[in-house]
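For reference, the structure is listed below as structure tokens.
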Amino acid sequence: MASPYRAIFAAPGTLAFTAAGFFGRMPLSMMGIGIVTMISQLTGRYGLAGALSATLALSAAVLGPQVSRLVDRHGQRRVMRPALLVSVAAVSGLLVCAQQGAPDWTLFAFTACAGCIPAVGAMTRARWAEIYRGSPRELHTAYAFESIADEVCFIVGPIISIGLSTIWFPEAGPLIATAFLVVGVVWLTAQRATEPVPHPREQHTSGSALRSPGLQVLVATFVATGAIFGAVDVVTVAFAEEQGHKAAASLVLAVYALGSCLAGAVFGLLHLKGEASRRWVLGVCAMAVSMIPLQLAGNLPILAVALFVAGLAIAPTMVTTMALVEAHVPRTKLTEGMTWTGTGLAVGVALGSSAAGWVVDAHGAGAAYAVPAVAGALAAVVAFLGYRRLRRPVPTREGQDDGHIQDQHQGGERVA
């Protein structure tokens, strides 16, 4: 492990909560694609599979910020464990109904409740923010490590989910994803020493973190960005099936995540100066441009290369996003603010996977790669339009002493 990464783990408890967080975030990469694979295996209907994946994402988009808002008020342990029980019960009902060939409405009903999955990535990032508050370099490296962990999950998760559902039995992917969730959440919430202490009730306001103009830009852009991810997942599975190698979709998607993982690892070693908002816009534009070559992929090896290159822009953009959230959201709402970016992605994944599923059914997988290309263009447009808002961090933080001036970080700069 390079020196900056080794340094952030000098703080007690950091290794343990990141390990727990790794298990807990595995469903992020496994559940949606597992549902797509399971339903396509059982019914052959990619439209239904994409719609269910979209329902899961939309459910997480609605329920996730509410769970995180409660976490900011009451603590991780008191909120995450009840949310876990709801999610596990819902996924269990979905698997039983899918296996028994129950009516479609039952699948949608259970999937809608399954979105109560706690945002484990936001919880671990909140712990890093608490530990390295006032240490921008260490926090930058910690956020980079979190993005690497996300991408490792996206390398390993689809392989496990798609592989087990195609080789073992169709419900295996979502089932194992649920097991990972249980282990991760229980282990993480058992670690009380690094859990951020909830702010006193009087420091909380009734408004949402989404009232921040900067956060609104990030979330709106991430809706389009999520559409890229959702569409790429669905279309790649369908494309691999058309090529006669459906199980290979997991490897191709793993290559996509590998590109992001490597870029994130390098990005975490850098101490960049200048405006984070500018780097963020450039990153979004790079993701948009990287979708164009997918239209030309005629086979799986070429597609894998194109997705590897496309992945290089993801992690650096995500790391910068977390720095911008930290700069634009009051500390008392930090977990909620981080979850809202995930919510934007979830809404986008819902739209992208659903649109891609219908296009695959109607025109084939090759034509469906136009969906992530259009989504990338929309993301770039929204990022450009919102750039001015991102240059103005919040002047003060709620829940701090009146005489305290909070440093806001735009890359290597401090803005009072």
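The values are calculated or read from the model by the stated rules, or taken from the named source; none is laboratory data. Remember, it's a predicted structure, so these values are computed and weren't measured experimentally. Heads up, the Cβs are rebuilt from the backbone with ideal geometry, glycines too, and the neighbour counts pull from every protein chain shown. These area figures cover heavy atoms from the full protein model, side chains too; ligands, DNA and RNA do not enter into them. Shrake-Rupley method; radii C 1.70, N 1.55, O 1.52, S 1.80 Å.
Of the residues that sit in the range 262-313 and are assigned to a helix (DSSP H, G or I) and polar (S, T, N, Q), which one is nearest to residue 234 (Cα to Cα)? It would help to see each step written out before you state the result.
The initial filter retains those residues of the range 262-313 that are assigned to a helix (DSSP H, G or I), namely 262-269, 276-289, 292-296, 300-311.
Right, trim to polar (S, T, N, Q) and you get 277, 295.
Working: 277: 31, 295: 15 Å.
This residue is 295.
Checking the conditions here, which among 96, 91 is open to solvent by 60 Å² or more (accessible area, probe 1.4 Å), modelled with pLDDT of 85 or more, on the phi < 0 side of the Ramachandran plot and assigned to a helix (DSSP H, G or I)?
Details: 91 fails: open to solvent by 60 Å² or more (accessible area, probe 1.4 Å).
The match here is 96.
Where the second residue is open to solvent by 10 Å² or more (accessible area, probe 1.4 Å) and modelled with pLDDT of 85 or more and the first is of a type in the set (Val, Ile, Thr) and lies in the range 276-304, which pairs have Cβ atoms under 6 Å and are six or more apart or on separate chains?
Every condition considered, the pairs that remain are 284/380.
Quick one: in the range 360-369, which of the residues that are aliphatic (A, V, I, L, M) and open to solvent by 40 Å² or more (accessible area, probe 1.4 Å) is nearest to the chain's Cα centre (by Cα)? Break it down into steps so the answer makes sense when it comes.
Residues of the range 360-369 aliphatic (A, V, I, L, M): 360, 362, 365, 367-368.
Next cut, open to solvent by 40 Å² or more (accessible area, probe 1.4 Å) only: 362, 367.
Working: 362: 29, 367: 26 Å.
This residue is 367.
Pairs please, first residue from the range 210-229 and within 14 Å of residue 330 (Cα to Cα) and assigned to a helix (DSSP H, G or I), second anywhere and aromatic (Phe, Trp, Tyr) and at pLDDT below 90, Cβ atoms under 7 Å, 6+ apart in sequence or on different chains.
If the second residue must be aromatic (Phe, Trp, Tyr) and at pLDDT below 90, the pairs left are 210/340; 215/340.
Every residue, every condition in (1) open to solvent by less than 20 Å² (accessible area, probe 1.4 Å); (2) polar (S, T, N, Q); (3) assigned to a helix (DSSP H, G or I), yes or no:
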residue: 21; (1), (2), (3): yes, no, yes
residue: 30; (1), (2), (3): yes, no, yes
residue: 48; (1), (2), (3): yes, no, yes
residue: 55; (1), (2), (3): no, yes, yes
residue: 61; (1), (2), (3): yes, no, yes
residue: 69; (1), (2), (3): no, no, yes
residue: 87; (1), (2), (3): yes, yes, yes
residue: 128; (1), (2), (3): yes, no, yes
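Give me the pairs, please: first residue somewhere in the range 323-346 and within 21 Å of residue 198 (Cα to Cα) and without any contact (Cβ under 8 Å) to a residue 40 or more places away in the chain, second residue anywhere and part of a helix (DSSP H, G or I) and open to solvent by 20 Å² or more (accessible area, probe 1.4 Å), beta-carbon distance under 9 Å, and either six or more positions apart or on two chains.
No pair meets every condition.
For residue 119, which of the numbered conditions (1) out of contact with any Leu (no Cβ under 8 Å at 6 or more places or on another chain); (2) surrounded by fewer than 24 Cβ atoms within 10 Å (Cβ to Cβ); (3) under 20 Å from residue 61 (Cβ atoms); (4) not β-branched (Val, Ile, Thr) fails to hold?
In the conditions (1) out of contact with any Leu (no Cβ under 8 Å at 6 or more places or on another chain); (2) surrounded by fewer than 24 Cβ atoms within 10 Å (Cβ to Cβ); (3) under 20 Å from residue 61 (Cβ atoms); (4) not β-branched (Val, Ile, Thr), residue 119 misses (2) alone.
Go through (1) under 22 Å from the mean Cα position of the chain (by Cα); (2) closer than 28 Å to residue 55 by Cβ one by one and return the number of the condition residue 331 breaks.
Residue 331 satisfies every listed condition except (2).
Determine, yes or no, whether residue 327 is closer than 25 Å to residue 74 by Cα, modelled with pLDDT of 75 or more, buried (at least 21 other Cβ atoms within 10 Å of the Cβ) and of a type in the set (A, V, I, L, M, F, W, C).
Working: closer than 25 Å to residue 74 by Cα: yes; modelled with pLDDT of 75 or more: yes; buried (at least 21 other Cβ atoms within 10 Å of the Cβ): yes; of a type in the set (A, V, I, L, M, F, W, C): yes.
So residue 327 fits the description; yes.
Suppose we filter 284, 232 for residues that are under 29 Å from residue 165 (Cα atoms), buried (at least 19 other Cβ atoms within 10 Å of the Cβ) and out of contact with any Phe, Trp or Tyr (no Cβ under 6 Å at 6 or more places or on another chain); which single one remains?
Exactly one residue qualifies, and that residue is 232.
Can you go through 176, 117 and tell me which one is hydrophobic (A, V, I, L, M, F, W, C), within 24 Å of residue 82 (Cα to Cα), outside any helix (DSSP H, G or I) and touching a residue at least 60 places away in the same chain (Cβ under 8 Å)?
Criteria check complete, one pass: 117.
Output yes when any residue across the range 146-162 is without any contact (Cβ under 8 Å) to a residue 60 or more places away in the chain and over 26 Å from residue 316 (Cα atoms), and no when none is.
no
So that you can scan it fast, the table gives a plain yes or no per residue for (1) under 25 Å from residue 77 (Cβ atoms); (2) assigned to a helix (DSSP H, G or I); (3) open to solvent by less than 50 Å² (accessible area, probe 1.4 Å); (4) not hydroxyl-bearing (Ser, Thr, Tyr):
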residue	(1), (2), (3), (4)
137	no, yes, no, yes
146	yes, yes, yes, yes
150	yes, yes, yes, yes
193	yes, no, no, yes
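Given the conditions (1) closer than 19 Å to residue 165 by Cα; (2) not in a helix (DSSP H, G or I), report the number of the one that residue 38 does not fulfil.
Going through (1) closer than 19 Å to residue 165 by Cα; (2) not in a helix (DSSP H, G or I) one by one, residue 38 breaks only (2).
Would you mind finding the one in 317, 343 that is under 14 Å from the mean Cα position of the chain (by Cα), at pLDDT 80 or above and either open to solvent by less than 30 Å² (accessible area, probe 1.4 Å) or among the aliphatic types (A, V, I, L, M) (or both)?
Result of the check over 317, 343: 317.
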